[in-house]
Amino acid sequence: MAEAVDLRVVGTTPVRPDGVDKVTGRAQFGADLNMPNMLHGRILRSPHAHARIKRVDLSKALAMQGVYAAVSGADFPMLASGEVSGEAGGDLADIARNVMARDKALYHGHAVAAVAATSLEVAEQALDAIEVDYEVLPPVLDVLEAMAADATLLDEQCFTKGLSETPDKPSNIAAMVKLARGDLEAGFAAADVVVEGEYRIPMAHQGYIEPHACTATVNEEGKATVWCCTQGHFDFRTMTAHILGCKIADLKFIASEIGGGFGGKTVVYLEPVAVMLSKKAGRPVKLVMTREEVFRATGPTSGSVVRVKVGARKDGRITAAKAWLAYEAGGLAGAPVGPGVMSIFAPYDLDNFLVEGYEVLVNKPKVAAYRAPGAPQSMHAMEVALDDIARQLDMDPLDLRLRNAADEGTQAPYGPKFPPIGFKACIEAAKKHPNYLAQVPEGAGRGVAAGFWFNIGMQSSAEVRINEDGSVVVMEGNPDIGGSRASMCLMAAETLGVPYEQVKTYVGDTESTGYCMVTGGSRTTFATGMAVVRACEDIIAECKARAAATWGVDKDQVEWQDGTAVPAPGVNADVNPLSLADLAASASATGGPILGKASLNAQGAGASFSINFADLKVDKETGAVEVLSYTAIQDAGKAIHPAYVEGQMQGGAAQGIGWALNEEYIYDQDGVMENAGFLDYRMPVASDLPMIDTEIVEVPNPSHPYGVRGVGETPIVAPLGVAANAVRDAIGIRINDLPMSPPRILAALDAA
Amino acid sequence: MSKVHVQTTINGDQVEFLCVPQQTMLEALRDVLGKLGTKEGCGTGDCGACTIMLDGRLVCSCLMLAAEAEGQELTTIEGIAGPDGLHVLQRKFLEHAALQCGICTPGFIVAAKALLDRNPNPDEGAIRYWLAGNLCRCTGYDKIVRAVQDAAKELAYQA
Amino acid sequence: MARVVFPEHLLRHTGGQRELELFVDNYRELLAVLEERWPGIRGPLNKSAVAIDGQIYQGAFLEPVHADSEVFFMARIEGG
């Protein structure tokens, strides 16, 4: 790994290469492509949260002037359960049924049919002409009721996975996950203090500002081109091919710029439908969701019930911890209960613990990944329990966490021993932070909590090309959601020894660059960055060989220094150093254009830990919470572009604060979401927040050439516990459930 | 359905177009006039991604009928940069990394310019309340507010 | 001998056995040995992640397993 002192450009904060187009309105996002002869599509959605679909009749819609195609579930092949799409996305049969309902509508807003017409107005009228016969069934909306033995079943074929024996009766429990170690009973017996609680959090949405959008065109040979906003166009291509039963080679996916995803754009919703409509119509078809559709039919993350019991000795050492998790999957399986189970105790060194998690079907939208999927819900409960222990022991909450903190060599609750990690470094940084040393303002409360995410590696490809003038093109396949082109340019410039401005990074389509798994899992700068570095090393090896050929020396006698080939020390060659530009200019004489490439399955993603704390004030008249200050401290391994690392920390903090204080899916008794718009689904606005102070801790990940861990997801985890603990500190009442919206706070104040 | 003929000025250009009576200004900008820099995030006036200026006033173009543009002067994101290059706000957004995905950025820049046109020296609270009509889900607003503060400082220095 | 540990969701394939010790040179060999011992376990193992000496792998065919290695199978992590 490169030593920090040697770095020239990694760690600086230049302007991103795609920046100018994004501040001038030139950048093309999902809904910004219009094609000649294009039709507009609309999707018919179930008005019932739970219903059997007995008949869908498209004939009256198809007979309308200006309607060119209509499809329903019957037009899509049935997929066998258990097929997994590449690396991401879960069970394809479930994704396919979510894209278009077949026998059953499983939530209010579930897609039932779709049309393509000459205008949006005609398409809307055509939806009204589609006849659907529903047999309305009672909706299952509460996760605990859904788990009851006599609950109405969403899926008669749902037999709980993960049990030691497959159950003989179906249920709404799709899966069970369990982790255990040590002797729980002895652990609790050794405790001086035991705390216990049940914590509920409703569903929340990723809340990206750009609704899902795509345009598809299928030609007479059956070749489809799909332009869409996605976190991963390669995985979208794979999913679409499977869902439609067509060949991957018949699909070309082009990723537009993407207006936020946070996990919600890792699975297909519109793309297979647009391709199917275009194929039937013989014309391009554009599908764009409304905001209401985004809320009702995409995302969200699981609502949850988490029970936690933790015991500790007087000195703060945790002796035992037990947790029980129930996560809503929505109408189809796929809840992140596995990571919820694996993350809840991850920051701590525990000898005795048991955690069981259940994934439960309910008549709500099928959940999608949301930033550190599953971790915020479970870790909120643990971080609140620790706060209660710290209070009972009259111990500083940071000291309590330090007393139990995982470190290099600690056996993680999910199995392996941790390689070098930065959790203790984050706690130490918090203890010294001026915001922590400052007095809590009069009338306010302070809360502390930890965050964690595994981070992932997986498959990526990159190609580096040297232009005739020595400028550098990096081609990779990860949609840039938060400045990743800039970090690729920085790593390439660092590796090649050239200025940042000499490098440009492009996100290729599925036919112009090699496979890259989704931009998600905090993997892009880590895994695709590693591929870019390897491809640059390939370039350097090639350049050294060409310099050797030019000078008539052995290639071992050439070194690469500051972007130029130079003779190795002691080599007796009276030659001028050759820059990338020199080598590019003479490329035709030394073997043709200079290309470098790399593909890999990046292993060794480094776990990322954080400590956040905040001072909050509660208005006891209105129940409104004011965030006075917020501090996020996180181990990034190495910050390639520190301003965008800070941005991830600040953005995650804001999302977590929103989740803790206001955001929630509110349902009526029929399973209809009552707040499917930004007015009533209340995300933080600028006047809700203070500046968000950040401190980047750098404990390098030994598996990455520059020490990168991945930073994107951990930031959303801690804020839930931070807010809960700060409100507790401010009003002296523990509120177990989120969000701590004004009505809930007023109710707690009234009850006290 | 008979269409309405509209004559208006957009970013200093005289523009004529036809629209159906219920068409929003946002739809006219994007679907009729090809001005795709103005974004749709919600269609209900809650997110500010479609923010434009109408005779110096900030409006959500999704809440305005296209026919209402008759005889007015509109400024969209495409009209913010001048012949000399980027507007100070655009430069400061880049320098401060005040955008991540960038979908809300056009709306924020138009809204921030309207603020600085009217109040060249806003404090942090004034910036936060002025921009409260624009949703950003990526940045937590910190770097956006700093970019606007820095732009105000530079504009004051130039003046 | 390398120590191999199975999580709860794989116990139905190992007849409830939580861990075992064995000699292998690499992960591919380990999979072969486990499949021989518990026919049918390869599929679920291929859908799991594995940590070898603390390093988490998702698709680890070529990774060496040493005599003193610790091998933990675990659920795959995706992410947002």
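Do we have any residue at all in the range A:625-632 that's polar (S, T, N, Q) and open to solvent by less than 40 Å² (accessible area, probe 1.4 Å)? Within the range A:625-632 (the criterion being polar (S, T, N, Q) and open to solvent by less than 40 Å² (accessible area, probe 1.4 Å)), the answer is yes, since at least one residue qualifies.
Under the condition of being of a type in the set (A, V, I, L, M) and farther than 17 Å from A:GLU542 by Cβ, which residue from the range A:457-491 is most open to solvent (accessible area, probe 1.4 Å)? Before the answer, list the steps.
Residues of the range A:457-491 of a type in the set (A, V, I, L, M): A:458, A:462, A:464, A:466, A:472-475, A:481, A:486, A:488, A:490-491.
Cutting the leftovers down to farther than 17 Å from A:GLU542 by Cβ gives us A:458, A:481, A:486, A:488, A:490-491.
On the way: A:MET458: 2, A:ILE481: 28, A:ALA486: 0, A:MET488: 0, A:LEU490: 0, A:MET491: 0 Å².
Top of the filtered list is A:ILE481.
Each residue in the range A:347-374 was checked for being in contact with an Asp or Glu (Cβ under 8 Å, 6 or more places away or on another chain) and buried (at least 24 other Cβ atoms within 10 Å of the Cβ), and 10 of them qualify.
Here is a yes/no grid of residues against (1) within 14 Å of chain C (Cβ to nearest Cβ); (2) open to solvent by 50 Å² or more (accessible area, probe 1.4 Å):
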position: A:ALA405; (1), (2): no, no
position: A:PRO413; (1), (2): yes, no
position: A:PHE418; (1), (2): yes, no
position: A:GLY422; (1), (2): no, no
position: A:CYS426; (1), (2): no, no
position: A:ALA429; (1), (2): no, no
position: A:LEU437; (1), (2): no, yes
position: A:GLU442; (1), (2): no, yes
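Checked against (1) open to solvent by 40 Å² or more (accessible area, probe 1.4 Å); (2) out of contact with any Phe, Trp or Tyr (no Cβ under 9 Å at 6 or more places or on another chain); (3) in contact (Cβ under 8 Å) with a residue 12 or more places away in the chain; (4) at negative phi, A:ARG52 passes all but a single condition, namely (2).
For the range B:29-53, filtering for residues that are among the aliphatic types (A, V, I, L, M), part of a loop (DSSP other than H, G, I, E, B) and in contact with a Lys or Arg (Cβ under 6 Å, 6 or more places away or on another chain) leaves 2.
The number of residues in the range A:718-737 that are part of a loop (DSSP other than H, G, I, E, B), in contact (Cβ under 8 Å) with a residue 60 or more places away in the chain and over 29 Å from the mean Cα position of the chain (by Cα) comes to 1.
Of the residues in the range A:692-707, at least one is touching a Cys at 6+ places or on another chain (Cβ under 9 Å), open to solvent by 10 Å² or more (accessible area, probe 1.4 Å) and not in a loop (DSSP other than H, G, I, E, B).
Within the range B:57-110, the set of residues being outside any loop (DSSP other than H, G, I, E, B), within 12 Å of chain A (Cβ to nearest Cβ), open to solvent by less than 50 Å² (accessible area, probe 1.4 Å) and within 22 Å of A:ALA31 (Cα to Cα) comprises B:CYS60, B:CYS62, B:THR75, B:ILE77, B:GLY79, B:THR105, B:PRO106, B:GLY107, B:PHE108, B:ILE109, B:VAL110.
Residues are listed down the side, and each one gets a yes or a no for (1) more than 14 Å from every other protein chain (Cβ to nearest Cβ); (2) among the acidic types (Asp, Glu):
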site: A:GLU257; (1), (2): no, yes
site: A:GLY260; (1), (2): no, no
site: A:ALA281; (1), (2): yes, no
site: A:LYS286; (1), (2): no, no
site: A:GLU293; (1), (2): no, yes
site: A:SER304; (1), (2): yes, no
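For the range A:622-679, a residue qualifies if it is part of a helix (DSSP H, G or I) and small (Gly, Ala, Ser), and the qualifying residues are A:ALA643, A:GLY647, A:GLY651, A:GLY652, A:ALA653, A:ALA654, A:GLY656, A:GLY658, A:ALA660.
Residues checked against (1) crowded, with 18+ Cβ neighbours inside 10 Å; (2) farther than 17 Å from A:PRO365 by Cα; (3) at pLDDT below 95:
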{"residue": "A:VAL115", "(1), (2), (3)": "yes, yes, no"}
{"residue": "A:ALA126", "(1), (2), (3)": "yes, yes, no"}
{"residue": "A:GLU131", "(1), (2), (3)": "no, yes, no"}
{"residue": "A:MET147", "(1), (2), (3)": "yes, yes, no"}
{"residue": "A:ASP155", "(1), (2), (3)": "yes, no, no"}
{"residue": "A:GLY197", "(1), (2), (3)": "no, yes, no"}
{"residue": "A:GLY207", "(1), (2), (3)": "yes, no, no"}
{"residue": "A:HIS212", "(1), (2), (3)": "yes, no, no"}
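Residues in the range B:111-130 that are in contact (Cβ under 8 Å) with a residue 60 or more places away in the chain and either within 7 Å of another protein chain (Cβ to nearest Cβ) or crowded, with 18+ Cβ neighbours inside 10 Å (or both): B:ALA111, B:LYS113, B:ALA114.
None of A:ASP538, A:ASP556 is open to solvent by 30 Å² or more (accessible area, probe 1.4 Å) and without any contact (Cβ under 8 Å) to a residue 24 or more places away in the chain except A:ASP556.
Taking the range A:313-340, which residues are of a type in the set (D, E, K, R) and within 30 Å of A:HIS50 (Cβ to Cβ)? Show your work before the answer.
Filtering the range A:313-340 down to residues of a type in the set (D, E, K, R) leaves A:313-315, A:317, A:322, A:328.
Scanning the range A:313-340 gives a single hit, A:GLU328.
Considering only residues in the range A:658-688 that are open to solvent by 10 Å² or more (accessible area, probe 1.4 Å), within 9 Å of chain B (Cβ to nearest Cβ) and of a type in the set (A, V, I, L, M), the one that is nearest to A:ALA49 (Cα to Cα) turns out to be A:LEU679. Cβ-Cβ below 7 Å, separation at least six or inter-chain, first residue in the range A:300-318 and basic (Lys, Arg), second open to solvent by less than 10 Å² (accessible area, probe 1.4 Å): which pairs? Short answer, once both residue conditions are applied: A:ARG307/A:ALA323; A:ARG317/A:ASN404.
Residues that are small (Gly, Ala, Ser) and either open to solvent by 10 Å² or more (accessible area, probe 1.4 Å) or under 17 Å from B:LEU58 (Cβ atoms) (or both) were ranked within the range B:131-147; the one that is farthest from the other protein chains (Cβ to nearest Cβ) is B:GLY133.
When the range A:502-547 is limited to residues that are aromatic (Phe, Trp, Tyr) and within 21 Å of the chain's Cα centre (by Cα), the one that is farthest from A:ALA605 (Cα to Cα) turns out to be A:TYR515.
Checking the stated criteria, C:GLU70 turns out to be within 14 Å of another protein chain (Cβ to nearest Cβ), under 13 Å from the mean Cα position of the chain (by Cα) and open to solvent by 10 Å² or more (accessible area, probe 1.4 Å).
Give the range C:28-45 a look and list any residue that's in a helix (DSSP H, G or I), more than 10 Å from every other protein chain (Cβ to nearest Cβ) and open to solvent by 10 Å² or more (accessible area, probe 1.4 Å), or say none.
Just the residues of the range C:28-45 that are in a helix (DSSP H, G or I), to begin with: C:28-37, C:42-45.
Then drop every residue that is not more than 10 Å from every other protein chain (Cβ to nearest Cβ), which leaves C:28-37, C:42, C:44-45.
Scanning the range C:28-45 gives C:ARG28, C:GLU29, C:ALA32, C:VAL33, C:GLU35, C:GLU36, C:ARG37, C:ARG42, C:PRO44.
With respect to A:VAL136, determine if the residue is more than 14 Å from chain C (Cβ to nearest Cβ) and open to solvent by less than 20 Å² (accessible area, probe 1.4 Å). Before you say what the answer is, go through the steps one by one.
Values: more than 14 Å from chain C (Cβ to nearest Cβ): yes; open to solvent by less than 20 Å² (accessible area, probe 1.4 Å): no.
No, not satisfied.
Residue-level check: of (1) outside the structural domain of A:LEU332 (by TED's automatic domain parsing); (2) open to solvent by 10 Å² or more (accessible area, probe 1.4 Å); (3) out of contact with any Phe, Trp or Tyr (no Cβ under 8 Å at 6 or more places or on another chain), A:GLY232 misses just (2). Per the listing A:ALA527, A:ALA493, the residue uniquely in contact (Cβ under 8 Å) with a residue 12 or more places away in the chain, among the hydrophobic types (A, V, I, L, M, F, W, C) and under 24 Å from A:LEU583 (Cβ atoms) is A:ALA493. Here the range C:53-67 is the region considered, the condition is being aliphatic (A, V, I, L, M) and open to solvent by 10 Å² or more (accessible area, probe 1.4 Å), and the residue that is farthest from the other protein chains (Cβ to nearest Cβ) is C:ALA67.
The values are calculated or read from the model by the stated rules, or taken from the named source; none is laboratory data. Bear in mind that the values here come from a model prediction, so they are computed numbers and not experimental data. Quick reminder, even Gly has a Cβ in these numbers, built from the backbone with ideal geometry, and neighbours come from all protein chains shown. Please note that ligands, DNA and RNA were not included when accessible areas were found on the heavy atoms of the full protein model with its side chains. Shrake-Rupley method; radii C 1.70, N 1.55, O 1.52, S 1.80 Å.
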